[in-house]
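The block underneath contains the structure these notes are about, expressed in structure tokens.
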Amino acid sequence: MSQLYVIESVSNLDGTTHERESRRKGQRVEILNCTVGQALLLVYRDDYNKLMRSTPVTNVSYGAVDIVVWTQNSEYTFGKVAA
């Protein structure tokens with residue numbers, strides 16, 4: 001089974017809050033693709049399995065309990081959901 005994450009924040013690259021954050025913060029997602037140079041692909045598990053496709057990923061930082069993903073337009077922070 002794939003790892004689930006919760007959206008902790010979505011911001012613009014200038015550090016301001018992205019308009020998507022208010023709708024998506026706290027939702028559980030499955031990350032389908034998080035490869036530099038390719039689109040970030042997510043499935044929203046709390047929203048009828050809707051798919052999100054971002055602009056290409058420019059950088060990824062993997063922590064023990066979170067992942068930060070930078071795309072050409074935004075920064076996403078995901079926290080791991082406890083099993």
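Most tightly packed first, judged by the mean number of other beta-carbon atoms within 10 Å of their residues, the peptides 48-58, 34-44 read 34-44, 48-58. For region 4-80, the Kirkwood hydrodynamic radius from C-alpha pairs, put into Stokes-Einstein at 37 °C and a viscosity of 0.692 mPa s, yields a diffusion coefficient of 269 µm² per second. For GluC sites (Glu not before Pro), the sites in the chain that DSSP calls loop and that have at most 13 other Cβ atoms within 10 Å are GLU19. Out of LEU41, TYR62, THR77, whose Cα points farthest toward the positive end of the dipole of the chain (charges: +1 Lys, Arg; -1 Asp, Glu; placed on Cβ)? Of the candidates, LEU41 comes out farthest on the positive side.
Near MET52: Cβ cut-off under 10 Å, other residues only, Lys/Arg at +1 and Asp/Glu at -1. The net charge is +3. Note on region 4-80: with charges restricted to the Cβ of Lys and Arg (+1) and Asp and Glu (-1), its dipole about the Cα centre is near 240 debye. Extension gain, VAL60 to GLN72: 0.36 nm times the residue separation minus the Cα-Cα distance gives 3.1 nm. Contact order for the chain, expressed relative to its length and based on alpha carbon pairs under 8 Å spaced 6+ residues apart, stands at 31 percent.
A short reminder: the numbers here are calculations on the coordinates, not readings from a lab. Source: prediction; values computed, not measured. FYI the Cβ positions are ideal-geometry reconstructions off the backbone, even for glycines, and counts take in every protein chain you see.
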